[in-house]
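Data block below; observations after.
The values are calculated or read from the model by the stated rules, or taken from the named source; none is laboratory data. A quick note: this is a predicted structure, and the numbers were derived from the prediction, not measured. Counting neighbours? That spans all protein chains shown, and the Cβs are built from the backbone with ideal geometry, glycine included.
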Amino acid sequence: MARVHQNQAGYALLEALMSILVFSLGLIGIIGFQATAIKVSTESQARTEAMLLADELIVQMSVSDPATLKSEFATGGSKYRSWFDDRVVGGSKLPSPSAAVFVSEGSTPTTMRVRVCIDWEVPGDKDVAGFSPDDECPRSGTDPWKFQTTALVF
């Protein structure tokens with residue numbers, strides 16, 4: 001009887017080690033899911049903030065004089081600079097933001113087509129998601145814009 005007992009010695013320790021291994025692998029998986037969820041949440045928050053900033057600018061444009069819309073709100077214009085400095089850089093939580101506004105003629109004399117492009121840098125981001133530069137939202141280089149929107153201003 002004592003001989004059978006000696007052959008089974010150590011099995012409890014082996015089972016404990018295996019259960020710790022399985023538990024550790026599950027814990028590593030949960031941590032990975034949590035990290036991904038935080039990244040997606042942060043990206044979503046930044047896109048929402050960019051959307052709100054673009055919407056704010058478009059509303060300002062819609063109540064402005066159509067004759068001076070292009071000169072004041074296109075990239076480099078006085079009202080663009082004010083919006084960019086005060087709201088995008090000063091008031092938003094976007095890290096290292098950049099923005100461009102392109103204003104073109106609409107289908108009628110009183111309509112203007114507006115394209116707002118906003119980008120930001122996320123530490124460690126390889127910039128794989130976003131909108132590629134195109135004719136409506138040109139950009140020097142080939143880095144994609146993270147947010148773009150088009151609106152008609154009457």
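Could you tell me how many of the residues in region 91-107 are surrounded by fewer than 17 Cβ atoms within 10 Å (Cβ to Cβ), free of Cβ contacts under 8 Å to residues at least 40 places away in the same chain and closer than 17 Å to residue 55 by Cα?
Qualifying residue count for the region: 1.
Yes/no per residue for (1) within 26 Å of residue 143 (Cβ to Cβ); (2) surrounded by fewer than 15 Cβ atoms within 10 Å (Cβ to Cβ):
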{"position": "27", "(1), (2)": "no, yes"}
{"position": "41", "(1), (2)": "yes, yes"}
{"position": "49", "(1), (2)": "yes, no"}
{"position": "53", "(1), (2)": "yes, no"}
{"position": "87", "(1), (2)": "yes, no"}
{"position": "109", "(1), (2)": "no, yes"}
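Could you tell me which numbered condition residue 136 fails, if it satisfies all but one of (1) surrounded by fewer than 12 Cβ atoms within 10 Å (Cβ to Cβ); (2) more than 30 Å from residue 35 (Cβ to Cβ); (3) at pLDDT below 75?
(1)
Would you say residue 32 is at pLDDT 90 or above, among the small types (Gly, Ala, Ser) and out of contact with any Cys (no Cβ under 9 Å at 6 or more places or on another chain)?
The answer is yes for residue 32.
Condition first: surrounded by fewer than 18 Cβ atoms within 10 Å (Cβ to Cβ) and hydroxyl-bearing (Ser, Thr, Tyr). Now tell me which residues in region 69-84 satisfy that.
Across region 69-84, the qualifying residues are 71, 75, 78, 82.
What number of residues in region 21-45 are of a type in the set (Gly, Ala, Ser) and either in contact with a helix residue (DSSP H, G or I) (Cβ under 7 Å, 6 or more places away or on another chain) or within 19 Å of residue 118 (Cα to Cα) (or both)?
2
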